[in-house]
Amino acid sequence: MKSKVIRNPYFPFPFFFIALFLFFLLVYDSSLYYHFHQPLFLFDQTFAKEFLLYPGGLIEWIARFFMQFFYFNWAGSFIIAVVILSIFVVVYKLVKETVNPPWILILSSMPVILLLVIQSHYNFPFIITVKYFISLILFFFYRKITTRYKSVFIVLSGLVYITLGGWIYLFYMLLCILHELLFSKGAEKYVYAGLSLVACLLYPYFAARYFFIMTLKEAYFYLVPYEFYYEPFSFKPDVYLYLFLLAMPASMAFLFVRGKYKARVSRDHEALPGKNFLWAQSILILLVAGLLVTVSFDREGKKKIRIDYLAEQGRWQELLSLSQDIKEYDRLVNFHTNRAFYHTGHLLDNLFAYNQMLGTDGLFIDRFIAGQIAIPSSDLYFDLGHINASQVMAYEGLTKYKYNPRILKRLALTNMINGKYNAAKIFLDLLDKSILHKKWAAHYRNYLDNEPLIRTDRYIQIKREQRPSVDFFLENVNPHYDLIRMLRENKYNKMAFEYLMADYLLDGKIGNVLEHLRELKSYGFVKMPRHLEEALLLAKAMQPSRIDISAYSIDPNTFKRFQDFNLILNEYSGNEAKAKEVLAKDFQDSYWYYVRYVIPKKKDIKSRASNRNEPLL
């Protein structure tokens, strides 16, 4: 028994599985993949039929079923590890049954390592991995078919085309053609190779011409649904993907050449690689795969997705900690960081602790409406109590992501808050057909046409109280108009007030800020927030005769910092670049530094700020 275990050529694979599972569980975090893609699967005939309207849709439907379980990190990591390991095993068997070289593990690992590199990117569609696996299984069975049935199997490859679609079907047919030309014997191999070539040329053509609504380009080269090519996914086939698809054909060609120049061992006397040699190959594979993944893994991308995930979960303190680790400026991170400042009670104290390089466009990101920012914008407006604006943005997102559970939940809630129960029921009925969201839908279904029960839900009642009684259009270009109208109807909307002050600060409108300083107590402020103190002192310095600060209690530390700020400006009055460098060390988080060096509008501020007797704004 011990000898058989040692001689078992498959014994390294459990260790590969453990390595894959731990990578996707601890490093990749499959739940972030779920959050990024939001794959909703519905047990519904209409939903299923939509995937049968184009070649390849059936596998996408199956893949989507498994992708919903990525919601749980352990389940998603297990599924990805199983699929990738299964591909490894199938490739291994194909190579072993062809030549069985002593370094079989290394040769078999080539496509798997490349797949691991591209699958570790969050925008890479898991659909491609599943289709690739199915194509290898079909090719494996094609090799087992006896000669007299091959022509029938090739004719029936039209069903394979419907199953795989476009690119992956061409990949599968290429494997079949190469197998016939390189490893089959007899003149009939040219007949089967020719039939396969005709099939891969004709079936896509007939599909586009007579059976499906698609272009010829889509018929031959369809890979994934169109939404993957646009933001936020922005999937673009790169060199790793093409190398991955070429790895199997290249391996077949290599094995053919090797077989030509080296005597092949008969099947009855195959020499299995020794245990130590298999271990050496396994270690080398893990090292190479680890190195490539380490180099290519998008750590910054993972952090940005997690920022959005933490925002959805309302884990604001974790979000602020993580946002400090983001090296490159990102507008969505800026947006969520500002939300986190408010929800942790520090928006008007710490707003400029983050680089507000886009000004108000970092506070409100929907100035130019687009599908990729529809969901976070809807979240912000929902927080503000601007329910209709939240609904508008959710519907905007729905035009691009038809089955996004976050959007469906938002539309169910906003319609329920507005008392439109029939509309809410439409979205609840959809979510009720999902494994993951069935419980959520069942909870809110009890509220339909049951006003006494819905009044017991404090969360919904707060949103009903916050929403404007008078409907108005979404002012996404000038959002402060919306905030002003919301405050006129509900003067206790603290978030609307703070966002209005932040909008004025970011836009450099200090005069507007000063008009609202006396309202601070009515919104529960015990002391004036730091950035408002900074704006007040700046206004006083610019217009000393017109601004009276005696009525306000300003922190002495803010006075001291303002004096130090001006001393440094005077010290480096002839060297603006040096002044900026020195000031950045202690004052980069101040409103004064923002106005002088960062604000993206009113470019003349920098020149006018040097004259302290001239009004700054």
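The values are calculated or read from the model by the stated rules, or taken from the named source; none is laboratory data. Since the model is a prediction, treat every value here as computed from it, not as a measurement. Cβ sites come from the backbone with ideal geometry, for glycine too, and all protein chains shown count toward neighbours.
Somewhere in segment 111-131, is a residue farther than 30 Å from Y309 by Cα and under 36 Å from the mean Cα position of the chain (by Cα)? Working first, answer last.
Initially, segment 111-131 is screened for residues farther than 30 Å from Y309 by Cα, giving 111.
In the following step, the residues that additionally are under 36 Å from the mean Cα position of the chain (by Cα) were identified as 111.
Yes, segment 111-131 has at least one match.
Considering (1) buried (at least 21 other Cβ atoms within 10 Å of the Cβ); (2) touching a Gly at 6+ places or on another chain (Cβ under 6 Å), say which one F51 fails and leave the rest.
(1)
Enumerate the helices (runs of 4 or more DSSP H) found wholly within segment 299-368, keeping only those where 2 or more residues are within 20 Å of the chain's Cα centre (by Cα) and farther than 18 Å from D29 by Cα. Talk me through it step by step, then tell me what you get.
On the way: elements: 299-313, 316-323, 331-343, 347-350.
In segment 299-368, 316-323, 331-343 are the helices (runs of 4 or more DSSP H) which contain 2 or more residues that are within 20 Å of the chain's Cα centre (by Cα) and farther than 18 Å from D29 by Cα.
Could we say that G314 is small (G, A, S) and modelled with pLDDT of 90 or more here? Let's see the steps before the verdict.
Working: small (G, A, S): yes; modelled with pLDDT of 90 or more: yes.
Spelling it out, G314 is indeed small (G, A, S) and modelled with pLDDT of 90 or more.
When segment 574-602 is examined, which residues are found to be of a type in the set (S, T, N, Q), within 21 Å of A535 (Cβ to Cβ) and more than 32 Å from the chain's Cα centre (by Cα)?
Within segment 574-602, S590 is the sole residue that qualifies.
Take the conditions outside the structural domain of L532 (by TED's automatic domain parsing) and buried (at least 18 other Cβ atoms within 10 Å of the Cβ) and apply them to L436. Does it pass? Don't jump to the end; show me each part of the working.
On the way: outside the structural domain of L532 (by TED's automatic domain parsing): yes; buried (at least 18 other Cβ atoms within 10 Å of the Cβ): no.
When the stated conditions are applied, L436 does not pass them.
Please enumerate the residues belonging to segment 449-467 that are part of a loop (DSSP other than H, G, I, E, B) and either without any contact (Cβ under 8 Å) to a residue 24 or more places away in the chain or over 33 Å from the mean Cα position of the chain (by Cα) (or both).
Pass one, segment 449-467, residues part of a loop (DSSP other than H, G, I, E, B): 449-450, 455-457, 467.
Selection gives D449, N450, R455, T456, D457.
Among the residues of segment 134-147, count how many are closer than 17 Å to M252 by Cβ and either outside the structural domain of G166 (by TED's automatic domain parsing) or not in a helix (DSSP H, G or I) (or both).
Of the residues in segment 134-147, the ones closer than 17 Å to M252 by Cβ are 135-144.
If we keep only those that are either outside the structural domain of G166 (by TED's automatic domain parsing) or not in a helix (DSSP H, G or I) (or both) too, we end up with none.
Total satisfying the criteria: 0.
Listed residues I128, I145; which is free of Cβ contacts under 8 Å to residues at least 12 places away in the same chain and either among the β-branched types (V, I, T) or in contact with a Pro (Cβ under 8 Å, 6 or more places away or on another chain) (or both)?
Working: I128 fails: free of Cβ contacts under 8 Å to residues at least 12 places away in the same chain.
None of the other options fit; the residue is I145.
Looking at segment 148-226, what helices (runs of 4 or more DSSP H) fall wholly within it and have at least 1 residues that are within 29 Å of the chain's Cα centre (by Cα)?
Values: elements: 157-164, 166-183, 188-206, 216-221.
Of the helices (runs of 4 or more DSSP H) lying wholly inside segment 148-226, those with at least 1 residues that are within 29 Å of the chain's Cα centre (by Cα) span 157-164, 166-183, 216-221.
Which of (1) under 15 Å from G385 (Cα atoms); (2) surrounded by 12 or more Cβ atoms within 10 Å (Cβ to Cβ); (3) not aromatic (F, W, Y) does S469 not meet, given it meets every other one?
The failed condition is (2).
Could you say which residue among I426, I417, I454, I460 is surrounded by fewer than 16 Cβ atoms within 10 Å (Cβ to Cβ) and either assigned by TED's automatic domain parsing to the domain that holds A374 or of a type in the set (D, E) (or both)? Full working, then the answer.
Numbers: I417 fails: surrounded by fewer than 16 Cβ atoms within 10 Å (Cβ to Cβ); I454 fails: surrounded by fewer than 16 Cβ atoms within 10 Å (Cβ to Cβ); I460 fails: surrounded by fewer than 16 Cβ atoms within 10 Å (Cβ to Cβ).
Only one candidate passes the filter, namely I426.
Could you look through segment 517-552, keep only residues that are assigned to a loop (DSSP other than H, G, I, E, B) and among the aromatic types (F, W, Y), and pick out the one that is farthest from Q563 (Cα to Cα)?
Of all residues in segment 517-552, those assigned to a loop (DSSP other than H, G, I, E, B) come to 520, 524-529, 543-552.
If we keep only those that are among the aromatic types (F, W, Y) as well, we get 525, 552.
Details: F525: 25, Y552: 18 Å.
Among them, the one singled out is F525.
Which of the residues spanning segment 351-376 are closer than 17 Å to E318 by Cβ and either at pLDDT 95 or above or surrounded by fewer than 19 Cβ atoms within 10 Å (Cβ to Cβ) (or both)?
A353
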